[in-house]
Amino acid sequence: MSLPALAAGECGAPFFAVGCGFAGGGVREACPKEDIWDFSPFVIFSVPRYVWRMLRDMQVNWQVMLLLAPVGLEFIRQMVGARYPLRLFHLSSPEPWLTLLVYVATILTVSTPIKIWNNARIEHRLQEQEKLLLGREGRGAQEPDQSALPLQHADLGVVADPLAARDGARGDPEALRACCAS
């Protein structure tokens, strides 16, 4: 991604891109995976609540950390770009609201793809669960695999037959399998 910038004479662009990659990988390894998937473009509106909760509980709030990572990298980009204007491209403006807009755009360009990938991940999981529920190929799209359901229920401890629960088979998985298989 930084080769065109390098060709244009911005010799700091490849190093900054590599640094951003390492920073993103470090945040990904440090942060719990579900907190990454909860990160959204609208996290900006919850920052006061997250910061207050983080200070009150004295625990790391990963939503704040995930927000600070791109903001911090953009801050570094602005400072290095201001110091060496021909070495690293940066959007600078004497107007503070335009600078704020650059930071908001940075947050949005990082968080929007994460939210899109999260939606694709959830859709993929739902399709996998649907395949497991509907059974193997050869069955109709709406016809569940009835032979696998009693065993799945028995493995989960779910009693499909109320009489089996009354008879005390609930605590015994083998009795549940025998009851559900018949």
The answer for the net charge of residues other than R53 whose Cβ lies under 15 angstrom from its Cβ, with Lys and Arg +1 and Asp and Glu -1, is -1
If amide hydrogens are placed 1.01 Å from N in the peptide plane, which non-local residues have theirs closer than 5 Å to the one on G135? D145
Taking a virtual spin label 7 Å from the Cα of A7 along the C-beta vector, which residues in the range 64-108 bring their backbone nitrogen under 20 Å of it? 86-90
Apply the Karplus parameterisation 6.51 cos²θ - 1.76 cosθ + 1.60, with θ equal to phi minus 60°, to every residue of the range 36-43 and state each ³J(HN,Hα) to the nearest whole Hz, in sequence, with x for glycine and proline. 5, 5, 7, 5, 9, x, 9, 5
For the range 65-82, Karplus couplings with θ = phi - 60° (6.51, -1.76, 1.60), whole Hz, Gly/Pro x: 5, 5, 6, 6, 4, x, 5, x, 5, 5, 4, 4, 4, 5, 5, 5, x, 6
Rounded to whole Hz, the Karplus (6.51, -1.76, 1.60) HN-Hα couplings of the range 109-114, x for glycine and proline: 6, 8, 7, 5, x, 4
Extension reserve of the M79-A17 stretch, reckoned as 0.36 nm per residue once the Cα distance is removed: 20.8 nm
What three numbers, in Å, describe the spread of the alpha carbons of the range 3-134 along their principal axes, ordered from the longest? 59, 41, 26
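Bear in mind these aren't lab numbers, they're just calculated from the coordinates by the rules spelled out. The structure presented is a predicted model; accordingly, all values stated were derived computationally and were not measured. When we count neighbours, we look across all protein chains shown, and the Cβ atoms used for this are built from the backbone with ideal geometry, even at glycine.
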